[in-house]
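Could you have a look at this structure, given as structure tokens, before my questions?
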Amino acid sequence: MSSAAEMSTRVAVVTGSNKGIGLAIVRALCQQFQGDVYLTARDKGRGQAAVESLASEGLKALFHQLDVGDLNSISSSAAFFKEKYGGVDVLINNAGIAFGVGDTTPFAVQAEVTLKTNFFAARDMLTHFLPLIKAGGRVVNISSFVGSSTLAKCSPVLQQRFRSEDITEDELVGLMQRFVDQAQKGEHKQGGWPDTAYGVSKLGLTVLSMILARRLSQQRPNDGILLNAACPGWVRTDMAGQAAEKSPDEGAVTPVYLALLPPGATEPHGKFVSEKEVQPW
Ligand code: NDP
């Protein structure tokens, strides 16, 4: 059982944070967030090594194993935070994957694998964790400018749906699944999609953020929760390579800004935010 002190302790959770931008987000939260900060990773060894590297910088992060691609891992993690803290104050969905530019894996496989982690697993996280977000909570989904450029390359019909205010979560999930199915058959271009699995996955995550923010406003209007999609910029990590312009700490700035929007703030909410600015969609 948790103590009363733990139940009133604020808590922040960052997925996929054993390296890259996620680790930099945890570092910044350790410095700026008043409460417990959880570095989570699918691999216990890599996660604990990252916690130790922060400890050597004088920073205290806590560790919890969390594989966003595993529903059992998601639900047992959600149960852990509910039991120990009574919920979650800050959730940053950062875990993501990308095939390299020159990767020769067939597009059908890239589409399925990329959408699985970047869209469907992030959605599973939100399904299980949104009910746990406490009043005044902040949720940040790490999306990408590539999602925006991908939107512009979709057919007019798809663009209209992705920009509409009445698209439902079910409709969006159906469209993401349709992309995967059409990619399997080599028919995604006829279906109105561009040739980028990563771009479609991040487009989907941005639209999902907008849908869930609208739902929060309707269902929990007095709870003051703010949920946004963020672009970190082009950041030097294993994913983007060393030619990228920003350091991981610089890439963490906008996600952390959204995670720490002050109490009582009413915006941004349901937006795509880059360089701390709401971007057109
Ligand atoms: P990295 O490849 O450096 O880090 C990705 C992290 O996600 C790793 O910790 C990885 O864990 C974790 N991860 C992957 N799959 C899972 C899973 N199933 N469960 C838990 N963790 C998982 O990438 P970045 O730091 O660059 O990317 C972080 C986020 O930022 C991603 O969502 C990415 O799409 C986004 N982004 C990055 C940009 C950039 O320029 N770098 C630009 C725009 C967006 P493991 O070590 O176990 O593989």
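Given the criterion closer than 23 Å to L212 by Cα and more than 16 Å from the ligand (Cβ to nearest atom), identify the matching residue among V90, V14.
Going through V90, V14 in turn, the sole match is V90.
Then there's this: Are there any helices (runs of 4 or more DSSP H) wholly within segment 175-260 with 1 or more residues that are over 28 Å from S164 (Cβ atoms) and under 16 Å from the mean Cα position of the chain (by Cα), and if so which?
Result: 248-251, 253-259.
Another question, then. Mind checking whether some residue in segment 86-109 is more than 28 Å from V146 (Cβ to Cβ), out of contact with any helix residue (DSSP H, G or I) (no Cβ under 8 Å at 6 or more places or on another chain), of a type outside the set (D, E) and surrounded by 13 or more Cβ atoms within 10 Å (Cβ to Cβ)?
Checked against the condition, which is being more than 28 Å from V146 (Cβ to Cβ), out of contact with any helix residue (DSSP H, G or I) (no Cβ under 8 Å at 6 or more places or on another chain), of a type outside the set (D, E) and surrounded by 13 or more Cβ atoms within 10 Å (Cβ to Cβ), segment 86-109 yields no hits at all.
Considering only residues of segment 40-74 that are within 14 Å of the ligand (Cβ to nearest atom) and hydroxyl-bearing (S, T, Y), which is most open to solvent (accessible area, probe 1.4 Å)?
S53
Would you mind finding the one in L126, L172 that is modelled with pLDDT of 95 or more, over 23 Å from V13 (Cβ atoms) and open to solvent by less than 60 Å² (accessible area, probe 1.4 Å)?
It is L172.
While we're here: Kindly indicate which of K153, K116 is within 11 Å of the ligand (Cβ to nearest atom), open to solvent by 40 Å² or more (accessible area, probe 1.4 Å) and of a type in the set (K, R).
Criteria check complete, one pass: K116.
Same structure, new question: Scan segment 26-34 and give yes if some residue there is within 10 Å of the ligand (Cβ to nearest atom), more than 18 Å from M239 (Cα to Cα) and open to solvent by less than 10 Å² (accessible area, probe 1.4 Å), otherwise no.
No - not one qualifying residue is present in segment 26-34.
Specify the residue that is nearest to the ligand (Cβ to nearest atom); the eligible residues are those in segment 249-279 that are crowded, with 21+ Cβ neighbours inside 10 Å, closer than 18 Å to L23 by Cβ and in contact (Cβ under 8 Å) with a residue 60 or more places away in the chain.
The qualifying residue nearest to the ligand (Cβ to nearest atom) is G251.
Give the residues of segment 186-206 that are out of contact with any Gly (no Cβ under 9 Å at 6 or more places or on another chain), open to solvent by less than 20 Å² (accessible area, probe 1.4 Å) and within 16 Å of the ligand (Cβ to nearest atom), sorted by residue number.
A197
The values are calculated or read from the model by the stated rules, or taken from the named source; none is laboratory data. Because the structure is a prediction, the values reported are computed rather than measured. Backbone-built Cβ (ideal geometry, glycine too); neighbour counts: all protein chains shown. Keep in mind that these areas ignore ligands, DNA and RNA; they rest on the heavy atoms of the full protein, side chains included. Shrake-Rupley method; radii C 1.70, N 1.55, O 1.52, S 1.80 Å.
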